[in-house]
Amino acid sequence: MRPSFFHHLHPPSIPAAQSRLRYTLGAGGLAVYLSLVVAFTGILEMFYYVPTPSEAALSIQVLTYHVPFGGLVRNLHYWSAQFLLVTILVHLLRVIFTGGYVPPRRFNYLLGLGLLVITVFLNFTGYVLRWDQGVHWALVAGTNLLKSIPLLGKGLYNLAVGGDSPGAATLVRFYTWHIFGLVLFFIILGIWHLFRVRRDGGIAVPPPKQRGDLSRISRFELVRRESLAALLATVVLLIVAVFLPAPIAAPLGDAGALLMDTTAPWFFLWVQELLKLGSPFIWGVVVPLGILFILALLPYIFPLPRSSELGRWYPPGNRAARLVFTALSLVVLTLTLIQIRP
């Protein structure tokens with residue numbers, strides 16, 4: 001069979017043992033596919049979305065309820081974005097729990113972490129673009145965290161919202177960041193990340209002399225598996241999009257008035273719970289950045305697995321890094337569950 005363009009995006013062959021779903025979890029390829037779904041559905045939404053405070057929420061309602069298949073497109077965009085964030089988190093977990101960040105892959109690990117951060121902010125800006133009564137926390141409390149930063153806070157806040165309080169300029173800036181600024185960074189880091197995967201030798205595996213299984217699969221088989229995974233993901237997305245509509249609420253009134261019962265988007269619920277402990281700067285800025293900094297340092301300050309330990313889950317050499325990641329994950333998960341409890 002003659003390789004197609006898509007086949008040439010893959011290496012000629014990869015180790016069979018490390019290509020199994022139970023090892024990769026399919027997270028890397030699924031993240032690429034979900035990114036394409038988010039981009040395609042987002043472009044379709046742009047034909048109807050009006051980025052003005054008076055028409056943003058109404059244009060979403062028109063798209064959802066009056067445009068043929070508009071509600072389905074919006075639901076697909078929303079859920080693929082949520083699943084993309086979850087998939088990247090799963091991919092991060094897989095890399096850490098298999099020691100897949102060993103040199104020369106440490107820099108690519110940082111690129112992947114950067115993609116995670118950008119995906120969070122893409123979800124955050126997209127959340128605000130609804131401009132309805134459900135986005136109060138993100139629009140007011142979320143942006144007010146910038147004000148708490150010493151010296152730079154006021155300037156950063158004005159840069160983000162376009163004035164002393166959220167308004168028309170805020171929506172335009174979030175819209176621009178969502179469809180251009182953050183997307184541009186995501187594309188650059190995404191292509192760079194995929195390039196480094198190939199350049200660094202693909203999946204982290206032991207040297208040939210230390211492998212128990214030397215069998216490999218071809219790029220044709222790899223593309224076949226990825227196609228089946230994409231088909232299954234499409235079916236799941238369609239089912240979820242049909243039966244679980246994306247959130248929608250009445251248009252936003254006074255953006256400066258924070259309602260008492262507002263909640264953060266699910267990926268920032270743990271930050272909302274942290275803010276109950278005291279200083280917004282310490283608990284809303286320093287602690288989240290500290291967690292991100294610790295994650296970035298995992299491949300640099302903790303022992304690395306030996307080459308013979310690669311290509312499998314839970315290599316003994318990186319036990320300390322796994323324990324730190326597990327502890328941080330449990331803290332974030334616990335805070336999130338506390339916030340969403342009745």
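The values are calculated or read from the model by the stated rules, or taken from the named source; none is laboratory data. Remember, it's a predicted structure, so these values are computed and weren't measured experimentally. Cβ coordinates were reconstructed from backbone atoms using ideal geometry, including for glycine residues, and neighbour counts include every protein chain displayed.
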Practice prompt. Report, ordered by the first and then the second residue, all pairs with beta carbons closer than 6 Å, sequence separation of six or more or different chains, a first member in the stretch 194-222 that is at pLDDT 80 or above, and a second member that is surrounded by 15 or more Cβ atoms within 10 Å (Cβ to Cβ) and of a type in the set (Lys, Arg).
Written response: Asp200/Arg105
Worksheet item: In the stretch 63-81, is there at least one residue being surrounded by 15 or more Cβ atoms within 10 Å (Cβ to Cβ), out of contact with any Asp or Glu (no Cβ under 9 Å at 6 or more places or on another chain) and free of Cβ contacts under 8 Å to residues at least 60 places away in the same chain?
Response: yes
Practice prompt. Filter the stretch 216-250 for residues that are hydrophobic (A, V, I, L, M, F, W, C) and outside any helix (DSSP H, G or I) and give the result.
Written response: Ile217, Leu244, Ala246, Ile248, Ala249, Ala250
Fill in: Unique residue being surrounded by fewer than 17 Cβ atoms within 10 Å (Cβ to Cβ) and either of a type in the set (Asp, Glu) or touching a residue at least 60 places away in the same chain (Cβ under 8 Å) (or both) when the list is Leu244, Leu228
Leu244
Practice prompt. Tell me which residues, restricted to the stretch 281-317, are over 26 Å from the mean Cα position of the chain (by Cα) and without any contact (Cβ under 8 Å) to a residue 40 or more places away in the chain.
Written response: Pro303, Arg306, Pro316
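Which of the helices (runs of 4 or more DSSP H) contained wholly in the stretch 1-111 include at least 3 residues that are more than 26 Å from Leu222 (Cβ to Cβ)? Can you show your working first?
Details: elements: 5-8, 21-24, 27-46, 56-65, 70-97.
The helices (runs of 4 or more DSSP H) meeting that bar are 27-46, 56-65, 70-97.
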Worksheet item: Of the residues in the stretch 190-204, how many are assigned to a helix (DSSP H, G or I), surrounded by 15 or more Cβ atoms within 10 Å (Cβ to Cβ) and among the charged types (D, E, K, R)?
Response: 1
Item to complete: Run down Ile291, Ile282 and say which single residue is over 24 Å from Arg106 (Cα atoms) and surrounded by fewer than 17 Cβ atoms within 10 Å (Cβ to Cβ).
Response: Ile282
Worksheet item: How many residues, within the stretch 16-63, are β-branched (Val, Ile, Thr) and closer than 25 Å to Leu228 by Cβ?
Response: 5
